[in-house]
1. In this structure, is A:Asn91 over 13 Å from the mean Cα position of the chain (by Cα), open to solvent by 10 Å² or more (accessible area, probe 1.4 Å) and either closer than 22 Å to A:Gln154 by Cβ or within 14 Å of chain D (Cβ to nearest Cβ) (or both)?
2. Residues of the range B:162-176 being under 25 Å from B:Glu3 (Cα atoms), more than 16 Å from ligand 4 (Cβ to nearest atom) and modelled with pLDDT under 85, which ones?
3. Please name all residue pairs, on different chains or six or more residues apart, with Cβ atoms under 8 Å, provided the first residue is in the range B:72-88 and is within 7 Å of chain C (Cβ to nearest Cβ) and the second residue is in a loop (DSSP other than H, G, I, E, B) and within 16 Å of ligand 2 (Cβ to nearest atom).
4. Before we move on, is B:Val345 touching a strand residue (DSSP E or B) at 6+ places or on another chain (Cβ under 7 Å), away from ligand 3 (no atom under 16 Å from the Cβ) and either more than 11 Å from chain D (Cβ to nearest Cβ) or open to solvent by less than 50 Å² (accessible area, probe 1.4 Å) (or both)?
5. Name the single residue that is nearest to A:Leu145 (Cα to Cα) among those in the range C:299-324 being of a type in the set (D, E, K, R) and facing chain D (nearest Cβ under 7 Å).
6. Taking the condition of being among the charged types (D, E, K, R) and either more than 16 Å from ligand 3 (Cβ to nearest atom) or within 12 Å of chain D (Cβ to nearest Cβ) (or both), how many residues in the range B:398-421 meet it?
7. Can you tell me which residue within the range B:272-297, out of those that are within 14 Å of chain D (Cβ to nearest Cβ) and open to solvent by less than 40 Å² (accessible area, probe 1.4 Å), is nearest to ligand 1 (Cβ to nearest atom)?
8. Please go through the range A:39-49 and give me each residue that is in contact (Cβ under 8 Å) with a residue 12 or more places away in the chain and assigned to a helix (DSSP H, G or I), ordered by number.
Amino acid sequence: GDSGSGGGEGGDSGNLAITFLPKNLGNPYFDTSSSGAKEAIGEFDGTFAEVGPAEATPDAQVSYINTLTQQGVGAIAVSANDPEAICDALNEARDAGVKVVTFDSDTNPDCRDLFINQADAEGIAKVQVDLIADQIGGAGEIAILSASANATNQNAWIEMMEEYLASDYPDITLVETVYGDDDDQTSFDKTAALLQTHPDLKGIISPTTVGIAAAARYLSTSEYKGKVALTGLGTPNQLREYVEDGTITAFALWNPADLGYLTAYAAKALIEGDITGAEGDTFDAGKLGEYTVGADGVVLLGDPFEFNADNIADFDF
Amino acid sequence: MLELSRVVKSFGPVVALRSGSLRLDSGSIHALVGENGAGKSTLVKIVAGLYRRDAGEFRLRGDDVDFTSTAQSKAAGIAVIYQEPTLFPDLTVTENIFMGRQPVNRFGRIDRKTMRHEAEALFQRLGVRIDPERPAEGLSIADQQVIEIAKAVSLDARVLIMDEPTAALSGVEVDRLFAVARSLRDEGRALLFISHRFDEIFALCDTVTVMRDGAYVATTPIAETTVDEMVRQMVGRDVTELFPKTEAEIGEPLLEVEGLTRTGVFHDITFTVRAGEIVGLAGLVGAGRSEVARAVFGVDPYESGAVRLGGRTLPRNRPDRAISAGIALVPEDRRKEGLVLESSVARNLSLVIRNQLAKAGIITNGAENRAARVWASRLEVKTNALSTVAGTLSGGNQQKVVLGKWLATEPTVLIIDEPTRGIDVGTKAEVHRLLSELAGKGMGILMISSELPEVLGMADRVLVMREGRITAEIDRADATSENVMFAATHAATQTPGAHS
Amino acid sequence: MEKTAVTKRLQAVGAAREFGILLALVIVVIAATVANPNFLFSSDGWRDLLLTPSILVLVAIGQAIVLITRNVDLSVGSILGLSAYLTGRLFIDIPGIPILAVFVAAIVFGGLLGLINGALVAYAKVPAMVITLGTLYAYRGINVLWTGSDRVNASDLPKDFLALGTGQVLWIPILTLIAIVVLVVIGWIMKNTRSGREFYAIGSDPAAAELYGLRVTRRLLIAFVSSGALAGLAGVLYTARYGTVNSQAGAGWELDAVGAAVIGGVAITGGVGSVWGAAIGAVLLLTINRALPILGIPDFWQRAVVGVLIIGAIVLDRVLAVRQKRKLIAAREDD
Amino acid sequence: MTTATASTAASVRTYRDYDRPLWQRLLLTREMAIIGLLVIVAVVATLSVRGFGQPITLTYLILDVTPILLIALPMTLIMITGEIDLSVASVVGLSSVLIGVLTQAGAPFELAIVVALVAGAIAGAVNGFLVTVVGLPSLAVTIGTLALYRGLAVGLLGTTAVTDFPEFWTDLAKMKLGGSNVPAVLLLFLVLLVVFVVLLHFTPFGRGIYAIGLSKTAARFSGVHVERTKLVLFVLSGTIAALAGVYYTLRFGSARGDNATGLELQVIAAVVLGGVSVFGGRGAIHGVIAGVLLIGILASALRLANVTSDVINIITGVLLVASVVSNSFLAWLRTKRRAPGGTARAKASAAG
Ligand SMILES: Nc1ncnc2c1ncn2[C@@H]1O[C@H](COP(=O)(O)OP(=O)(O)OP(=O)(O)O)[C@@H](O)[C@H]1O
Ligand SMILES: Nc1ncnc2c1ncn2[C@@H]1O[C@H](COP(=O)(O)OP(=O)(O)OP(=O)(O)O)[C@@H](O)[C@H]1O
Ligand SMILES: [Mg+2]
Ligand SMILES: [Mg+2]
């Protein structure tokens, strides 16, 4: 237990033991964010740890939160599998003096100190819809391949996408939303089912890195390659070959490593008492510069970045 | 050919074989007789490699052998027909006969055609008509027995052992089997034949070995012995001593069974058991007597007919209601149906009366032990503690526990199926004394037994069943082994002629 | 001796058992195709129809062998996951390793894991359900321990190998061909060889099998090794088809495999059924899964339909068995 | 004359209640072995794992294992009759979803609880019906209903998770007993524990359960209503699983279709570890409780020691296998030691 040896009891302003609790382990997106976090924590001499369930369920996360509370870590950085289900556990942790930062997927605002938002929901929704509209020529049927049915962030984006589609692209119809549970096999099979069910489908948006990779893999070997457009949120390393072979023209993402990096620095600022999570607090985030806490304790990382054949070679994560 | 001497085998505390000896010679048919539980089947299973002996010698063609599996005895040329048919219900008759040694072509493919022809040839030789392609599931006991015989014959073994092969067969089938057995003897093989029917033994066998209480008694050429002599050797005393039936006053009808029918099993069974009366139910194994008893008690279903106790009709399929109405059933297979073998004596003795023992719905070990102690001591069960696991008792004491657990319910009618099967001679007399005593106190008793002397000695009235029907009802005064056997083997209820 | 009428009727019923599932499969395919012709008449539709069930077919065949001996193997999902990851690791750690060698390694590896199950069941004489429930946990734990948060990505795997997962030979996907070859071989063995029939005998009545002197222990070992080896093979194919393997690959497949076999007429009480039935059951299970959205049944209800199907299949099986028994008893009455 | 003496001698035969002294009967049991192991693990964990000794550990442990403890009670009885119920975790999910759907529709929460419990009882009755009346093996039946009930749960709620529950109830689920660290839900469990201990160990019904498990035939011949007993147990199992679903929903404040996925295997693992034989007829509730706690404490301590869930899985699996195999192994050792003249016979067989 090295995280426990990072300092004294929780709440102690010198306890820089920060533990990351992603939705699940074995998810390349979180592997990348954790690598950023580790880098940041290394910079300020804290103790990095990562724990998490094998499957993305909230009850499994609760056990880990409880354990971290018992261990008295300095801060927990969590990507929530359910906005409500892990709330009480988080609040108990906070009562015990542990700082709680959510990143990637938020809980209700009253059970965490800060939420590090990768990009505001509106921006994420907009960039994906714009990309698909561009690729299918502004009209036709599209579908969404999401993560689990209860994923807070995906659901929020999907809602925004629907609104944005209705207002700006009346000729595009969203025919179905399916859920791949952030599981390769399920996402893969769901893609196949989507294409079968909707023969006139023009495009698929997959706002999750697991989903878009699985969908790309299915498309690249199917008769729909080049006919059905695919975009969404993905990591360059996973999608490089599909951009190169033409399955995907462009997709978006922020840098998950930066997300983890920023989260770690935010946790540090909380632990050291530099900020409390109130609107207007500012803190230093190493190489990323200075950030300001917005309304509801939300810190915004920045705008999502668009990857395409021209720039993908510049990235490695 | 094959020789066993002073073989010992025990199962935990139960000594099944104390000193079993047997010698089989080529070209001869040897009979093995003895009472139920004398250890005949155990001896057979040791020869078959199913059990390993604890001590003693076993020689085959002069070599010491010790089989650890049935495959070894098969390989050594020994074929066995077990007392209980052991077929694979889901496989076809042909597959059952040839399992594990099916004819194959050079790719290892089973040659089904050859196999079926061989099966048909076997059935031809045995003179039966069974479709070789039907599944074994649902075959009658007799047909199952025929398949066991076919299986053993087809093994072409040098030693053929048959443990009560004729128990379920009709006259014609028995004759065919005998013809086959004789031809095998004439080919120079050694045969062992176990049976409780003396006429068959005298008709078929050359020599006879008698066993008693797990020990060898004598071996005699068949020509030099008589039935009386064999029976004396089997039981160690005169048979009549065993049945001290006292006359009881016969009262009102208690149990009335009317037109009970279950398709394929029994038909139109009607009889009455009165207070103080012992009704014997005789017949060959497989006649359907146990099924009738089970249906009356409610553990088996029936399609039509009615069971009344003291004038009130009992519901079907409800043993609990039969029990509370006052019926008790001491079942045929005490190890499977009578006892919870892995449970203690106390739990077994108190199982049926558990509801009466409970106070305000709560039952305790103390209450069970008190009730159990009463019946254990009344029946003189030989054990030290009530917590003894029932399965470790000797057969006779197990039977006492079964009796005790039913007598504890204070029944008005006791149905008792094979009351003395596998029980030693002394206990047998005790059971009989107990039954007379109970009848004397006004209990109605229906006693199913395959042992003719027992039926003749104990019953006030004898019912005989054959193939699921009651073929005769004979009063104590008129009952003889001849007319009971006749009714058990012949369809009509005519007066018996001269029966061989 | 000519066949009796009863026997003929019975054989008709027996054949109807597998025919019935096949018929159900055809109906599902037709219904889905009518709702959307792409289900069958597009090259992807046709390919997926054959491709999707192929991996489960292999696992279900193994499960059927074990079920026929009156045992069960709940650890197949974990074995599949482990051998899928092994496949990825071999390609990553030994660049240029021949594909065939990877197949052999994964099959042997799966077989060894099956051997552990088999040995525990056969020698310790404890129920297969507990043992394989234990190894389900243990194998999956080892998998997670080994994999950690690592994963195998499509880009780590040779193109030739990935092509196996989607490639076709004359309109038939390669994975399907592999599954069919395995099915035909094992189906033939189960029906036509002594060892095959002994599996049935053991499951039909284990006590009688001992009396016969059948080599029960050896057969049980073979059954579990086969099940493990087939799950191992399925693991390789899983990697080829899905391209990505994490520590949870194959989780929950044990219930699909048992379900497929049971739907296909393999009795959980042993001795009855065929690997053909199990294979058709697997195809039916997954095809229904794919057809339900096309038939307008939302995603979320599909599990419920699968449950209804499993129960329907075992109830049907039971009804047929009871009818058969009754007929046989009635037949005894006739003669 | 001799017979007379013999019978007098026999009539004064006395029977002891037990053949072993009390301490042996209490201590030399499978259950005590598990309890002993539990104590050892707890002590070692307290001494060597940082943070395990705090009172809060107990709170979390109880909150975590409560659903398993609850479901393990009826599961013990079912497994003693030789059957199994794999659908329990799906019933937890279904009950959770029903509560969610009803609360969302504006029904009073009390009504939602009642509906969920009734639905659980019906789900159990369906299992029981298929097992006892239709005569199907429970393993196959409950694999089917495992999928069916989970499918209904997921289908009913779809994408949403209902999270808005009356605070009174959610607080109740997490309330601690008068300032202590012990969650109040323990009381609910203790009440049910008493009910089930009495039912299994001190009623005629419980005697029937053991008899069924050891010999279904003999039980039937002794007037035990085998089918009805099993049906009642399946209904109980469904109802308690639904109750666990209510707790689950309240504890996490979230009704989701996938709640408690995979819990069935944990329950069965704990029950088997606690000494219940899958062949039926053997087991006691105190052993099962110890089994549940053993797995719970191991998981809790290992997590605290930053050992990942995979190792916990491996340990659970190995414990499970070891616990059944060790029984067979000990039995084998005993027969081996007892077999007289083993070597002599081995020689004979070599000669033959
Ligand atoms: N597996 C066993 N475990 C315990 N006791 C046994 C076992 N098999 C047989 N016995 C007991 O051993 C004794 C001899 O039984 P065996 O079956 O050899 O008798 P048998 O002479 O064949 O009788 P029958 O004429 O009824 O067939 C009986 O008391 C029986 O209860
Ligand atoms: N396993 C079985 N399958 C089919 N029919 C059976 C089976 N067992 C018994 N029967 C049939 O049931 C009827 C009665 O058999 P059972 O052996 O119980 O009669 P019984 O007169 O009680 O003989 P026993 O002397 O053995 O008690 C017979 O017609 C027999 O063929
Ligand atoms: Mg015998
Ligand atoms: Mg009988």
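1. So A:Asn91 fits the description; yes.
2. Once the filter is applied, which keeps residues that are under 25 Å from B:Glu3 (Cα atoms), more than 16 Å from ligand 4 (Cβ to nearest atom) and modelled with pLDDT under 85, the range B:162-176 yields B:Pro165, B:Thr166.
3. B:Thr86/C:Asp205; B:Leu87/B:Ala136; B:Leu87/B:Leu139; B:Leu87/C:Asp205; B:Phe88/B:Ala136; B:Phe88/C:Asp205; B:Phe88/C:Gly271
4. No; evaluated as a whole, the condition is false for this residue.
5. So, considering only residues that are of a type in the set (D, E, K, R) and facing chain D (nearest Cβ under 7 Å), the one nearest to A:Leu145 (Cα to Cα) is C:Arg303.
6. Within the range B:398-421, residues that are among the charged types (D, E, K, R) and either more than 16 Å from ligand 3 (Cβ to nearest atom) or within 12 Å of chain D (Cβ to nearest Cβ) (or both) number 4.
7. Among them, the one singled out is B:Ser290.
8. Result: A:Glu39, A:Ala40, A:Ile41, A:Glu43.
The values are calculated or read from the model by the stated rules, or taken from the named source; none is laboratory data. In this text the structure is predicted, and so the values were computed from the model without any measurement. Backbone-built Cβ (ideal geometry, glycine too); neighbour counts: all protein chains shown. Just so you know, the surface numbers come from the protein's heavy atoms only, side chains and all, with ligands and any DNA or RNA stripped out. Shrake-Rupley method; radii C 1.70, N 1.55, O 1.52, S 1.80 Å.
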